[in-house]
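Worksheet for the structure shown next.
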Amino acid sequence: DVAQPGPAHLAFCATPFELVVTTNFDFLLERGYETTGRYCRPIIDEEQLAIDSSGPRIQLLKLHGDLHHPHRLVATEEDYDAFLDRFPLLATFLANLLIGRTAFFIGYSLDDPDFRQVWQIIGDRLGKLRRLAYVIAIDAPRHTTSRFERRGVKVVNLPGKPAQYPEILQQVFEELREYWLAAVPHTSTFAQAESQAELTIPKNARNRLCFFSVPVRLAAFYKAAVYPLAESYGFAPVMPSDILSAKENLTAAITALQERAELLVIDVASPQSLFDLEYSIAGRIPGQRILLIAEKGVPIPVNLRQYEAVLRPADPTLDDEGFVEQVERWFSLTAAALRGSYEDEPLRLLNMHEYRAAVISAVSLLENELRERLAPDLESSKSRYVSIARLFTLAASRQLILTSERKSLLRWLEMRNRLAHTTESVSARQARTAVQEIMAVVEKIRGAQP
């Protein structure tokens, strides 16, 4: 009970795996996830397989049980031999995982008889169609790599000494995590193009992402009543349900959003929202702004009272206490505080040779300027969301921009969308031209008579 996770455990727990299978009896992984502010759900007994596992939570399948459940321990030769008969549902669940997902073995020899039986059955049934699995090894000799490869497991053989195993693993997990999160904008699809575009901006630059973590039952309300407020002040709102596809890892996409967002709006009425908040606090990003929303009459946890909070009625659709107005005030003050840094960002990114990000930042700045200037028209619009292309049309009809400028802006908007959804590059000349033309339009709009 006194053993604590080391740096390698913590680096592993910070990596956005969605499902982890362990044969260890200890609780180092549970403590590691707790330390990193993430929630994992241990699965010990077969009955737990029926519990809904949807949502961004890590499932921790303890295949051989743990010390708190002696009846589930698989430790003796008899336990291994009887595993398939005693726990057929666990064996089926494990087989399904190995068929549909890519296994990544860490510190595992594949010598446990129960696991090898399941792995062998899959190999016998699927043959060459079985997914290739991977294992990390440190300076493994040829006979070891050959043994793994005979079992359908590709060895990632890293240089080093066995004594350096913890340090090497820590580095592997940290690099894997960075690679995984960096790939999110290009491997995920979001409901709003603006959110996807903002996520591609480098970590060392300002973005306009506003991450919402709210109870599922209130998601529609926040999208209808609060999203437009965020958009009107130039932010790009997004919540987990806005991720239309994330290939095989929703957790990585949500982690990227949480860590990259400049603003966090968290309604603490649900356990998942509290987990999201605790995770954000554990890895607190300098300058990240957090707004807590709590139901009136429900105490805010003591450790969260240092953050700005707005109280909402139990049914926010019957808002008679100015809840939405208080949230809007927070967005207004936040936008005013960040305005200067956003205005300088496109040129700063150009000077840093971050050409993709410079174009995206310039388009975002123009969008915000148009939304502010065209606010009366947008308030009378029947549509909750007005696209940037529609903003260009409105601006042209109000003679804020020329028809020729609108055509150029549409071209830069198309470039922004390609940069957000693909790995396409942009030359220094293209980026400089785009930023200069967009910034000229921004200055023109600011100088126009109201």
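The values are calculated or read from the model by the stated rules, or taken from the named source; none is laboratory data. These numbers were taken from a predicted model, which means no experiment stands behind them. Counting neighbours? That spans all protein chains shown, and the Cβs are built from the backbone with ideal geometry, glycine included.
For region 295-340, a residue qualifies if it is more than 18 Å from Cys210 (Cα to Cα) and of a type in the set (A, V, I, L, M), and the qualifying residues are Val298, Ile300, Val302, Leu304, Leu311, Ala314, Leu318. A Cβ distance below 9 Å, combined with a sequence gap of six or more or placement on separate chains, defines the contacts here; from region 254-281, residues that are buried (at least 23 other Cβ atoms within 10 Å of the Cβ) reach residues that are of a type in the set (Asp, Glu) and not in a helix (DSSP H, G or I) in the pairs Asp267/Glu295. Restricting attention to region 381-431, the residues that are of a type in the set (Val, Ile, Thr) and surrounded by fewer than 18 Cβ atoms within 10 Å (Cβ to Cβ) add up to 4.
Residues considered: Ala246, Ala219. Of these, the only one that is without any contact (Cβ under 8 Å) to a residue 60 or more places away in the chain and not assigned by TED's automatic domain parsing to the domain that holds Gly107 is Ala219. Of the strands (runs of 3 or more DSSP E) lying entirely inside region 150-246, those containing at least 2 residues that are buried (at least 20 other Cβ atoms within 10 Å of the Cβ) and within 18 Å of the chain's Cα centre (by Cα) are 209-213, 236-238.
Residues that are farther than 17 Å from Gln48 by Cβ, assigned to a helix (DSSP H, G or I) and not acidic (Asp, Glu) within region 84-105 comprise Leu84, Ala95, Leu98, Ile99, Gly100, listed in sequence order.
To keep it simple, each residue is scored yes or no on (1) small (Gly, Ala, Ser); (2) on the phi > 0 side of the Ramachandran plot; (3) more than 30 Å from the chain's Cα centre (by Cα); (4) not in a helix (DSSP H, G or I).
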{"residue": "Ala357", "(1), (2), (3), (4)": "yes, no, no, no"}
{"residue": "Arg371", "(1), (2), (3), (4)": "no, no, no, no"}
{"residue": "Asp377", "(1), (2), (3), (4)": "no, no, yes, no"}
{"residue": "Val386", "(1), (2), (3), (4)": "no, no, no, yes"}
{"residue": "Gln399", "(1), (2), (3), (4)": "no, yes, yes, yes"}
{"residue": "Leu409", "(1), (2), (3), (4)": "no, no, yes, no"}
{"residue": "Leu419", "(1), (2), (3), (4)": "no, no, no, no"}
{"residue": "Thr423", "(1), (2), (3), (4)": "no, no, no, yes"}
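Going by the conditions given, is Pro5 buried (at least 18 other Cβ atoms within 10 Å of the Cβ), over 21 Å from Gln171 (Cα atoms), without any contact (Cβ under 8 Å) to a residue 60 or more places away in the chain and not aliphatic (A, V, I, L, M)? Considered against the rule, which asks whether it is buried (at least 18 other Cβ atoms within 10 Å of the Cβ), over 21 Å from Gln171 (Cα atoms), without any contact (Cβ under 8 Å) to a residue 60 or more places away in the chain and not aliphatic (A, V, I, L, M), Pro5 comes out as no.
Of all residues in region 98-119, those being of a type in the set (S, T, N, Q), in contact (Cβ under 8 Å) with a residue 24 or more places away in the chain and loosely packed, with under 14 Cβ neighbours inside 10 Å number 1.
Could you tell me whether region 192-213 includes any residue that is of a type in the set (D, E, K, R) and without any contact (Cβ under 8 Å) to a residue 40 or more places away in the chain? No, region 192-213 contains no residue that is of a type in the set (D, E, K, R) and without any contact (Cβ under 8 Å) to a residue 40 or more places away in the chain.
From the list Glu30, Glu46, Glu18, the one residue that fits, being acidic (Asp, Glu), touching a residue at least 60 places away in the same chain (Cβ under 8 Å) and surrounded by 15 or more Cβ atoms within 10 Å (Cβ to Cβ), is Glu18. The residues on offer are Lys407, Lys444, and the sole one that is charged (D, E, K, R) and either over 20 Å from Tyr342 (Cα atoms) or in contact with a strand residue (DSSP E or B) (Cβ under 6 Å, 6 or more places away or on another chain) (or both) is Lys407. Of all residues in region 320-347, those that are in contact (Cβ under 8 Å) with a residue 40 or more places away in the chain and surrounded by 15 or more Cβ atoms within 10 Å (Cβ to Cβ) total 11.
Among residues of region 424-450 that are over 12 Å from Ala358 (Cβ atoms), those with a Cβ under 8 angstrom from a residue that is hydroxyl-bearing (Ser, Thr, Tyr) and assigned to a helix (DSSP H, G or I), sequence gap 6+ or separate chain, pair up as Ser425/Tyr355; Glu437/Ser408. Please enumerate the residues belonging to region 333-371 that are of a type in the set (Gly, Ala, Ser), in contact with a Leu (Cβ under 9 Å, 6 or more places away or on another chain) and farther than 16 Å from Ala440 by Cβ. Selection gives Ala357 alone. Among residues that are modelled with pLDDT under 90 and part of a helix (DSSP H, G or I), Thr334 is not included.
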